[in-house]
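The values are calculated or read from the model by the stated rules, or taken from the named source; none is laboratory data. Because the structure is predicted, anything quoted here is derived from the model rather than measured. Cβ atoms come from the backbone with ideal geometry, glycine included; neighbour counts cover every protein chain shown. The protein model used for the area step is the full one, side chains on, heavy atoms only, and it has no ligands, DNA or RNA in it. Shrake-Rupley method; radii C 1.70, N 1.55, O 1.52, S 1.80 Å.
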Amino acid sequence: MRGLERVGRNLILLFLGITLGSGVVGGAAAGVVVASAGPPSVGALGDIPTDYLVLYQAAGAAYGVPWQILAGIGKVESDHGRNPAAYHPNEAGAQGPMQFIPSSWARYQWASGNPQSDVNNPRDAIFAAAAYLRVAGAPGNIPRAIYAYNHAWWYVDLVLRQARAYGYPG
């Protein structure tokens with residue numbers, strides 16, 4: 001089964017590469033700025049669940065945010081959805097795989113296109129995070145955008161360190 005999982009993961013990554021590559025070319029032709037993403041590092045492939053990797057890459061491409069930044073936030077906030085505590089409000093009221101507080105969720109819940117969006121749904125939350133970061137200054141000023149997401153410079157450093165481990169060149 002391990003070999004089949006590896007083949008499946010490689011097919012998904014090949015499909016993503018073709019799909020995202022087409023989107024980048026199409027976006028460039030339309031004058032849309034798309035953040036340079038780059039391939040996942042070996043560490044990213046070993047740490048990020050395939051369904052989350054697909055979502056980070058799709059949301060990053062849709063909003064012009066490096067997917068590794070989204071993955072860095074997802075790792076810090078919920079270990080890519082693996083922390084069960086993330087699905088219940090914390091002391092600040094934040095919840096979901098990207099840990100949205102209710103006021104921020106209200107502003108960005110539209111981003112996935114799901115009219116019934118749910119803060120605990122990975123797709124909805126990751127797309128909302130990408131839209132939030134874009135409005136906050138990404139890709140032009142990634143540290144400022146991350147700081148807007150969570151007002152702590154230690155948090156910015158932690159997310160950037162994780163994003164670099166996933167292949168972010170910045």
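Could you identify the single residue in Val54, Val34, Val24 that is modelled with pLDDT of 95 or more and either polar (S, T, N, Q) or open to solvent by 10 Å² or more (accessible area, probe 1.4 Å) (or both)?
Result: Val54 is the single residue among Val54, Val34, Val24 that is modelled with pLDDT of 95 or more and either polar (S, T, N, Q) or open to solvent by 10 Å² or more (accessible area, probe 1.4 Å) (or both).
Mind checking which residues of the range 126-166 are over 14 Å from the mean Cα position of the chain (by Cα), open to solvent by less than 10 Å² (accessible area, probe 1.4 Å) and among the aliphatic types (A, V, I, L, M)?
Selection gives Val156 alone.
From the list Ala86, Ala62, pick out the single residue that is at negative phi and touching a strand residue (DSSP E or B) at 6+ places or on another chain (Cβ under 7 Å).
So the residue among Ala86, Ala62 that is at negative phi and touching a strand residue (DSSP E or B) at 6+ places or on another chain (Cβ under 7 Å) is Ala86.
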